Amino acid sequence: MAYEFENNLRAKLRGLTKKRRSGNGDKVFSNLTLFFAAVLLALLVALVIVLIIDSMPAIKQFGIAFVGSSIWDPVKDIYGALPAIYGTIISSLIALIIAVPISIGAAIFLVDLSPKWLSGPASFLIEMLAAIPSVIIGLWGIFVLVPFISPIETWLQKYLGFIPLFQGTHYSGFGFLSAGVILAIMIIPIITSISRDAMRAVPQSQREAMLALGSTRWEMINRSVLPFCRSGLIGASILGLGRALGETMAVTMVIGNGYNITASLFSTGSTIASKIASNFSEAAAGVQVGSLIELALILFFLTLVVNIVARLMVWRMTSVKATRD
């Protein structure tokens with residue numbers, strides 16, 4: 001009796017399996033997901049096309065000279081992107097110089113040094129920092145950071161004024177240095193989170209082997225953990241750079257919105273994003289609007305390239321780990 005019941009049950013299961021295989025559910029689901037992926041790609045292509053079309057007045061008038069020009073004169077209808085590109089790169093590099101050591105140090109502590117009761121809450125608080133709106137961080141920058149930076153600029157000019165980076169007579173606190181610090185605060189959670197995940201991907205056996213050989217904690221981290229996850233750490237830093245390149249409100253509020261190229265970190269300046277944000281509402285239709293949209297197009301390709309490089313590095317780290325495992 002039991003044998004007959006088992007055979008009947010198996011026959012029913014085979015019948016159900018055949019029905020499922022012969023049904024169109026899998027095909028519908030596959031086509032639906034393909035459609036969603038195509039929609040995302042179509043949105044990206046449409047965005048690029050719209051930016052190119054709307055920036056055509058500036059592209060036709062200035063051509064490639066737009067990228068190398070330093071003039072932004074609405075009266076004469078002459079525009080150039082170089083100071084904005086320069087400000088974007090300088091402020092982002094300052095942010096990386098500040099944020100990368102702090103982020104990697106915090107990640108090392110959270111993964112290998114902190115007690116378990118502290119690691120979870122500390123990671124949560126660091127990630128919460130990324131959820132703070134940029135306009136709030138910008139207001140904090142105006143009322144707290146800028147007054148704090150101003151005397152530091154005076155001190156740096158007094159004792160290190162022979163270095164071009166610290167020359168000048170502008171010590172209000174607004175400028176590239178404040179913008180870089182604000183960006184560093186905003187990208188620290190991103191770099192820390194990705195660096196922490198990269199370090200957690202290092203096999204525990206590698207740590208234990210180094211410690212068993214008599215190495216100290218620092219030697220274990222320096223010779224076993226960091227070399228293994230180097231690509232992940234570089235990818236985390238470049239993803240943070242991509243975030244810094246596109247930041248708008250916080251930078252606009254503290255960079256001073258000058259439009260010049262100077263070696264001094266105390267000078268006011270502009271980034272591509274801050275220039276668009278501060279000028280677009282007052283821009284006249286035609287070449288001026290086209291110039292601002294061409295700035296957006298430059299920023300789009302710049303951040304796209306940075307993020308592609310970062311993703312490739314993260315994927316390389318993942319593939320290396322899978323090969324070693």
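Throughout, read-outs are computed from the coordinates displayed, never taken from laboratory work. Being a predicted model, the structure only gives us computed values, none of them experimental. So basically every Cβ, Gly included, is an ideal-geometry build from the backbone, and we count neighbours across all protein chains shown.
For helix 116-129, what angle does its Cα long axis make with the longest principal axis of the chain, in degrees from 0 to 90 and rounded to 10? Value to nearest ten degrees: 50. Peptides 203-216, 134-147 ordered by packing proxy, namely the average of other Cβ atoms within 10 Å per residue, highest first: 134-147, 203-216. For the stretch 81-324, the relative contact order is 30 percent, taking Cα pairs closer than 8 Å that sit 6 or more residues apart in sequence and dividing their mean separation by the residue count. With each label modelled as a point 7 angstrom along the Cα→C-beta vector, the residue 43-residue 172 pair spans 3.9 nm.
If I fit a long axis through the Cα atoms of helix 82-108 and take the longest principal axis of the Cα atoms of the chain, what angle between them do I get, 0 to 90°, rounded to 10? The angle comes out near 50 degrees. Report the charge-dipole magnitude of the chain in Debye, nearest 20, computed about the Cα centre from +1 at each Lys and Arg Cβ and -1 at each Asp and Glu Cβ. In debye, rounded to 20, the chain gives about 1480. Relative to the dominant Cα principal axis of the chain, helix 146-160 is inclined by about 70°. The packing ranking of peptides 104-110, 220-226, highest mean first, is 104-110, 220-226, where packing means the average number of other beta carbon atoms within 10 angstrom of each residue.
Just to confirm the filter: which chymotrypsin sites (Phe, Trp or Tyr not before Pro) across the stretch 145-186 are DSSP coil and have at most 16 other Cβ within 10 angstrom of their Cβ? Passing both the DSSP loop test and the Cβ count: 162.
Projecting the Cα atoms of 248, 279, 94 onto the charge dipole of the stretch 81-324 (Cβ charges, centred on the Cα centre) puts 94 farthest toward the positive pole.
With the simple spin-label model, which puts each label point 7 Å out from Cα in the Cβ direction, the residue 219 to residue 50 separation comes to 5.9 nm.
Amide H to amide H distances under 5 Å link residue 257 with 269, where only residues 5 or more positions off or on other chains count and H is placed in the peptide plane.
Between residue 113 and residue 33, the FRET efficiency from the beta-carbon distance, with R0 = 51 Å, is close to 0.75. Positive-end ranking of 297, 151, 212 along the dipole of the chain, with charges on Cβ about the Cα centre, is headed by 212.
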